[in-house]
Structures are given as C-alpha cells and as structure tokens.
Amino acid sequence: MDHIIKNNILLNRALRFFEEIGEFFILCIDVIAVSFKPPFRYRNIIKELDNIGIQSLFVVLLTGAFTGMVMALQSINVFAKFNAEGLVGSTVAISVARELGPVLTAFMVTGRAGSALATELGSMRVTEQIDALYTMGVDPKQYLITPKMIASVIMLPILTAAFDLISVAGSYLVSVIFMGIDAGVFIDKIKYFMDPVDVTSGLIKAAVFGYIIAMVCSYNGFFASGGAKGVGEATTRSVVLSFITILVVDYFLTVLMTKYLPGYVLGG
Amino acid sequence: MEPKISIRGLKKRFGDNEVLKNIDLDVNEGEICVILGASGSGKSVLIKHIIGLLRPDEGSIFVRGIDISRMEEKEMNEIRKSFGMVFQNSALFDSMTVYENVAFPLIEHTRLKESEIREKVREKLNILGLYDIEDKYPAELSGGMKKRVGLARAVILNPEIILYDEPTTGLDPITTMTVNEMILDARQKFNVTSIVISHDIGSAFMIADKIAFLYNGVIIEQGPPQYIKEAKDENLQRFLHTWFRKA
C-alpha cells in the first residue's frame, strides 16, 4: 500500500491537497479560538485597521466611482430603448449594494492589503522571525494573524458601504449631470425599488469576505517556505485563491440568503 | 550535580528520513556545549527539540530535571522564558527598531513601566558594547551588530540557557572572532549555560567546554575539545581534518 502511495504522483497531489485543506481549517479554528484569549493586543488591531482599511480607502473609492459611472453609461442605452432611463439609479444601486460592492471591494483589498499580508508573514517565516516568536513564548497566530483577521472583518463592510455610496454618486453624475435624466426621478426610483436588506446582505457578505481574505492570505504566508521565491509564490497563490474563494462563497451565500435572510428576494 | 539539560534516547523522523537516531546528551550548568556537525547532520532539528519547536517521536528532553518532550504548549511557553535563542540570521523583527526588538520579551511577559524597560534595554545593549542604536532598524546594522542585538534580546529576561544557531556562519573572520568572544563574554556576564550548534570547527575549539559531534543523526563522540581532537572515529577525524590541515 505504502509503495502504491509513494509512486502515484496524482494520489500524492490529492493527499497533499487534502492535507492543506485540513491545515487551513485548523488554522481558522485556532485563530478564532485565540482571538477570545488574553492578551488582547489593541494596538496591533488599530495598526491593522489602518493598514487594511484606511490605506485601502482611496483605491476602493476610485474603483467604486468608476464602476457606478460605467454601469450608468451602459444601462442608460438599454433603458432608453424602453423609455425607462429613470430606472438607472435603482439598477446601479441594487446591483452594487448586493453584489458588485462587496465583491469588488474584496478584490481591491485582496490586491492591496491581502498580498502585502501574505508577503509580510512569508518573509517573517523564511527569516525565522515566526520561530523567534515561538522561542520567546509568544503565540505567532495570536500575535500576527488575529489582529489582521479582526481588522479585516471590521473594515470590509465599512469599505463596502463607502464603495456603495460613491458608486451611486458616480451613476448620478453620469445620469443626471452628463445625460440629463431628471434628478427627482433618479432618486425616487432608488427609494422605491431598494430595500434595506439589499444593503445589509451586501455588508454581511463583505464581513465574510474580510474573514476569507485574512485567513487565505495568512495561511499562505504563515506556511511559506523556500526563500524569496517561496514568498513570491505564496503571495501569488494567496491572491488567486482569495479571488476564487470569494466568488465561490458569494454564490453559496446568495443561495443561503434567499432562504434565511428575511426580505431577501432574488431579482430585487 | 544534575545536568541542566539532559537528552535521552531522542529519535525524530520526517517521513522516510530518520533525522535523529537515539541521541543522548548532557549539558551541565554554566557549560558551553558545541554541537558540531556537517550540514544535514540534524543539528537544527536537535536544537528545535531542545526549545520545544519540534516534538520527538521517541525519547525525552529534561530541562532542570523536568521532561519537556510531552509538555502542553502553555506549560512549554513558561519553560521557554528560561531560554534565550540567538538565530543564524538574528531573526530580528525588521519592522521594529532595535529598542522595540530588545524590549519585546519584556513588553510581552512583564508589567514593567516603559521607563524601566528602556533602562533595562539600554543596560543590556551597553554590556554588549552597543551604544546609541536604539532607534535604528535592523537593516541599518552590520552582521556582527545584528548578532549582538539578537543576543541582547535573548538575554533580556535573564534566561538560564542560551541557544545559538550557527552563530558564525557567513561572517568574515574578524566578525567571527567578535561573535566567539561575545559567546564567551555572555557566559561570564549573564551566568548562563550555552548550547551552540555549528559546523565551524575553529570557533567550536575556541569557545567550547564540551563538543558533541553529530554525524548522520547520531552523536558519535562527546567530551572536552582535547578529547574530541584525539578521538579515533573515522568520520570525526575526516571532518576535523578539513580544518586542522588548513590551520
């Protein structure tokens, strides 16, 4: 049996894959468990709130503004065929609040802060700084990963809310200022078609995505090996895996929300 | 007298690779014990067992008579406070200043005021001949200075045992000499037991009270430097010959 396992490359890869999945879930459980244990390092959390949240704000706002603007530009032409240009605002607002806001914000944060997080932990691993923490009697998961996880879960919904607001502002700019749609109609249709649950569902997704980004990037960085090349590979893998996981989890969250989130109906 | 550290029947395997095969070693209080061996002989794996970063498959490690090999992580963290470790590449936190690096164990494990921490950090740095570098980052220091800052961090909690992982690897001869003197000084000034893993034969014979030669996962010979120099084992003599022929 051992001989078969040793010589079968595919089987080895499959075993390694399941081993990594196991390691990942153990890390996720460990990090949640230690986040409730003292010492609570508030300073580290505040530093990460700044690093993951505040420093990502500009890129999130920029992406949000242009997403709203381009969506308005595209949908005006379609709605014009049915004399329904007034629906542009509500269309942009609902799709941004429910899907584009949380997903694109998560992508931006992964690209900016998640990759930096993986690189930081990976460098610390290959230069033995993580081993140094162990030897000093400090749990590196609690010291390094927990503050990042907490900050990411807090900041993603806030950044998503900012993305939502600026997207609607961007679509207002294109629709009302550039294309001459009546401002009253634009705002009235948003009020009429949009429910609070559209926003809350997006913010819940954002918090889940925040956790995913922190854990996927931390896992890849924390277990990086093989010097500078290994750190580079860990960073790339953490970004790609975060993107894929976010999209997969987004689908299943949407399915769950249609069943369990009161007032959440597909199609708005 | 009971040895400070005692290793009995230690075995460790990674997959098919048996890295440590039945290691027995005693290190007495105040002694400098150099574990000498070529690359891949299992030195790093052995030192990681001593500080509890790895757990043995078989055998025991006693620190002051307490078996640490099957200890819970929480208890192990307490034991680790009696150790200081100096890493091969210093492993200083590169996002922190020298002061923050050396102060780190005090901040984590004591309730001292900042002024007291600052005083203790300055005192340790000064003992090691480092002045006015508290605000510098590790990237601004030379290799030898990094080693000394690493040692200052390792001794800040006044540990009983210091572990040195390849302290002279990759250093020029003058810095190597400085680091050797630093290890001898540290024993005297901080009254510690030291374990050094190294493949640097010259340094080993300069600083060691006891040398243990690790070959292929087994300690082939252990004893005072003169005994090791005269030991008959073929592998040991081949290893030593590379240096003594040069000398």
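What follows is calculated from the coordinates using simple rules that are stated; it is not laboratory data. Not measured: the values here are computed from a predicted model. When we count neighbours, we look across all protein chains shown, and the Cβ atoms used for this are built from the backbone with ideal geometry, even at glycine.
General observations
- Rounded to the nearest 20, the Cβ-based charge dipole of the protein assembly as shown about its Cα centre (Lys and Arg +1, Asp and Glu -1) stands at 240 debye.
- Dimensions of the protein assembly as shown based on its C-alpha atoms, expressed as ranges along the principal axes with the largest first, amount to 100, 63, 41 Å.
- Estimated inter-spin distance, B:ASP135 and B:ASN191, nm [label 7 Å along Cα→Cβ]: 3.6 nm
- Pair A:ASN12, B:LYS21: separation of 7 Å Cα→Cβ label points (nm): 2.3 nm
- Along segment B:206-213 the Karplus relation, 6.51 cos²θ - 1.76 cosθ + 1.60 evaluated at θ = phi - 60°, assigns HN-Hα couplings of 7, 9, 7, 8, 9, 10, 10, 9 Hz to successive residues, with x for each Gly and Pro.
- Candidates B:ALA208, B:ALA152, B:ALA231, ranked by Gaussian network fluctuation over chain B, Cα under 10 Å, top entry: B:ALA231
- Choice from A:GLY101, A:GLY180, A:GLY53 with maximal GNM fluctuation in chain A (Cα, 10 Å cutoff): A:GLY180
- Counting only other chain Cβ atoms within 10 Å of each residue's Cβ, the peptide A:44-56 averages 0.
- Taken along its principal axes, the alpha carbon cloud of segment A:41-260 reaches lengths of 69, 35, 30 Å, longest axis first.
- About its Cα centre, the dipole of segment A:41-260 is roughly 240 debye, where the only charges are +1 on Lys and Arg Cβ and -1 on Asp and Glu Cβ.
- Rounded Å value of the spacing that divides the Cα centres of segment B:116-176 and segment B:29-78: 23 Å
- GNM flexibility winner over chain A from A:ASN220, A:ASN12, A:ASN44 (Cα, springs under 10 Å): A:ASN12
- Top positive-direction residue, dipole computed over chain B with Cβ charges, set B:LEU130, B:ALA208, B:VAL102: B:ALA208
- Residue by residue along B:78-89, Cβ atoms of other protein chains within 10 Å of the local Cβ number 3 on average.
- Unsatisfied cross-links (Cα-Cα over 21 Å) in the set B:LYS147/B:LYS189; B:LYS21/B:LYS43; A:LYS37/B:LYS74; B:LYS146/B:LYS229: B:LYS146/B:LYS229
- Exercise: per-residue mean of other protein chain Cβ atoms within 10 Å, A:133-146: 5
- Gyration tensor verdict on chain B (Cα atoms; rounded if a/c is under 1.5, prolate if a/b is larger than b/c, oblate otherwise): oblate
- Sorting A:MET108, A:MET179, B:MET76, A:MET155 from the fewest to the most surrounding beta carbons within 10 angstrom yields A:MET179, B:MET76, A:MET108, A:MET155.
- Segment A:1-147: C-alpha gyration tensor shape, a/c 1.5 cut-off, then a/b vs b/c: oblate
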